[in-house]
Amino acid sequence: MNRFLISTSLLSVRSFPKSRTIRPHQLHTYSLRKMSTDTPVPTPWHAAYPAPSSQTVFIPRDEVLSILANGRKDTVLVDLRRNDFEGGTIRGSINLPAQSLYPTLPTVYSTLKAAGLKKVIFYCGSSTGRGSRAASWLADYISSQNDTEMQSLALGGGIKGWAAAGPEYVKWMDEYDEKVWAKYSTS
């Protein structure tokens, strides 16, 4: 038995119930079980809100690039990142941290509607968590308003996919920091 295993086993012995017989093969299992039941699992921020009922509609990044290049004024990009807001953002995006979206949906919707926006494109790091949830929540709200003109979408691949897609995408980023995105590079 190496020194690490011995010290781990000794720590486990101290936390093992005195009323039980300790067998060496049980030490590690008991220690892991004890840790997993003693450590509370934090509730995710979105658990306080209802799950969206709409299916997320993803828009491919090349389509978003085309929208930006053509200067469409009826589209807004919403960056949902809060604590991980680093490395730059897609030009013209507004920052609305996902944790603040659901309680403000009526205000967000009425502001976007008053601005004449037809497409709202949400993104986060990958757009599979916050991005898809936010897009679906707004889609639910749009539907409840019987609005057939506005679309709520999630950017396929999120900002990580955008930054990794090459120079034609990166040039559409404000405050782009290559060092931040290098850690996500697959090459």
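The values are calculated or read from the model by the stated rules, or taken from the named source; none is laboratory data. Just so you know, these numbers come straight off a predicted model, no measurement behind them. Virtual Cβ from ideal backbone geometry, glycine too; neighbours counted across all protein chains shown. For accessibility, only protein heavy atoms count, side chains too; no ligands or nucleic acids. Shrake-Rupley method; radii C 1.70, N 1.55, O 1.52, S 1.80 Å.
Students often check this: by mean Cβ neighbours within 10 Å, which of 119-127, 47-55 ranks highest, and how do the rest follow?
Peptide ranking by packing, descending: 119-127, 47-55.
The chymotrypsin sites (Phe, Trp or Tyr not before Pro) of the range 126-187 that meet both conditions, a loop assignment by DSSP and at most 14 other Cβ atoms within 10 Å of the site Cβ, are TYR184. Each residue of the range 66-80 was assigned a 3J(HN,Hα) from its phi angle through the Karplus expression (A = 6.51, B = -1.76, C = 1.60, θ = phi - 60°), giving 4, 4, 5, 5, 8, x, 5, 8, 9, 10, 10, 9, 10, 8, 8 Hz with x at Gly and Pro. For GLY129, the shell of other residues with beta-carbons less than 15 Å away shows a net charge of +3, using +1 for Lys and Arg and -1 for Asp and Glu. For the range 131-187, GluC sites (Glu not before Pro) meeting the loop criterion (DSSP other than H, G, I, E, B) and having at most 11 other Cβ atoms within 10 Å: GLU149, GLU175. Taking amide H as placed 1.01 Å from N in the peptide plane, ILE59 has its amide H under 5 Å from the amide H of ALA154, LEU155, GLY156, each at least 5 places away in sequence or on another chain. The portion of the accessible surface of the range 57-158 made up by carbon and sulfur, rounded to a whole percent, is 51 (1.4 Å probe; DNA, RNA and ligands excluded). Taking θ as phi - 60° and the Karplus parameters 6.51, -1.76 and 1.60, the scalar couplings of the range 122-136 work out to 8, 8, 9, x, 10, 6, 9, x, 4, x, 5, 5, 4, 4, 6 Hz in sequence order, x denoting glycine and proline.
Listed here are the pairs LYS113/LYS171; LYS118/LYS179; LYS118/LYS160; which of them are more than 31 Å apart at the Cα?
On the way: LYS113/LYS171 29 Å; LYS118/LYS179 35 Å; LYS118/LYS160 25 Å.
Going by Cα-Cα distance, LYS118/LYS179 fall outside the 31 Å limit.
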